[in-house]
Amino acid sequence: IVGTLNLGHNYSGTFSMDAALSNRFEYICEVGNIPVDHEIKVLVNRVGIEDDKAKSIVNVATNVRALNAVECSIRTTLMIATMVKNGMSVRNAYQTAVVLRCNTQSVRKQVIDLVNKIGIYTPSKKFF
């Protein structure tokens, strides 16, 4: 039997996991994020966006993940890719999917700076 669980402060719900339940998992391993080139392929194959847009999305996601302050999983990049496929800019998709979920102004600013630094904006249309 295999079970999966998202542990950590980013995944805590109303109650923490019961110690008796966690003891039932004999082996625990951390998977982490998939390699960048695989994530790009997933976005291209599952969503159908262009390779260059997938690279931009994953490039920003990799940098956002390094902040370790806001959720940016492959589910997030798939959501962003879907928004882009439906006509939204990468910049606006990040604003909707990530920036607005930041819990502090300093984290929000860091994410905005990353998006602006990557160069997926037009100078006259920076965030805020």
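The values are calculated or read from the model by the stated rules, or taken from the named source; none is laboratory data. Since we're looking at a predicted model, the values are computed, not measured. Using ideal geometry, Cβ is built from the backbone for each residue, glycine included, and neighbour counts are taken over all protein chains shown. Calculation scope for accessible area: heavy atoms of the full protein, side chains included, ligands and nucleic acids excluded. Shrake-Rupley method; radii C 1.70, N 1.55, O 1.52, S 1.80 Å.
Among residues of the range 29-41 being open to solvent by 40 Å² or more (accessible area, probe 1.4 Å) and among the β-branched types (Val, Ile, Thr), the one that is modelled with the highest pLDDT is 36.
For the range 50-60, state whether one or more residues are among the basic types (Lys, Arg) and either at pLDDT below 90 or touching a strand residue (DSSP E or B) at 6+ places or on another chain (Cβ under 7 Å) (or both). No, the range 50-60 has no match at all. Scanning the range 61-72 turns up at least one residue that is within 24 Å of residue 116 (Cα to Cα), assigned to a loop (DSSP other than H, G, I, E, B) and either without any contact (Cβ under 8 Å) to a residue 40 or more places away in the chain or in contact with a His (Cβ under 8 Å, 6 or more places away or on another chain) (or both).
Listed conditions (1) surrounded by 13 or more Cβ atoms within 10 Å (Cβ to Cβ); (2) in a loop (DSSP other than H, G, I, E, B); (3) modelled with pLDDT under 90 are all met by residue 115, apart from (2).
Note on the range 57-82: among residues that are surrounded by fewer than 20 Cβ atoms within 10 Å (Cβ to Cβ) and hydrophobic (A, V, I, L, M, F, W, C), the one that is farthest from residue 41 (Cα to Cα) is 69.
Checked against (1) touching a residue at least 24 places away in the same chain (Cβ under 8 Å); (2) more than 30 Å from residue 1 (Cα to Cα), residue 44 passes all but condition (1). Which count do you get for residues in the range 13-48 that are touching a helix residue (DSSP H, G or I) at 6+ places or on another chain (Cβ under 9 Å), of a type in the set (A, V, I, L, M, F, W, C) and assigned to a loop (DSSP other than H, G, I, E, B)? So the count comes out to 2. For the range 49-60, a residue qualifies if it is outside any helix (DSSP H, G or I) and in contact (Cβ under 8 Å) with a residue 12 or more places away in the chain, and exactly one does: 49.
For the subset of the range 87-110 comprising residues that are charged (D, E, K, R) and at pLDDT below 90, which member is most open to solvent (accessible area, probe 1.4 Å)?
Kept after step one, since they are charged (D, E, K, R), are these residues of the range 87-110: 91, 101, 108-109.
When the remaining residues are screened for being at pLDDT below 90, the result is 91, 101.
Details: 91: 31, 101: 151 Å².
Going through the qualifying residues, I end up with 101.
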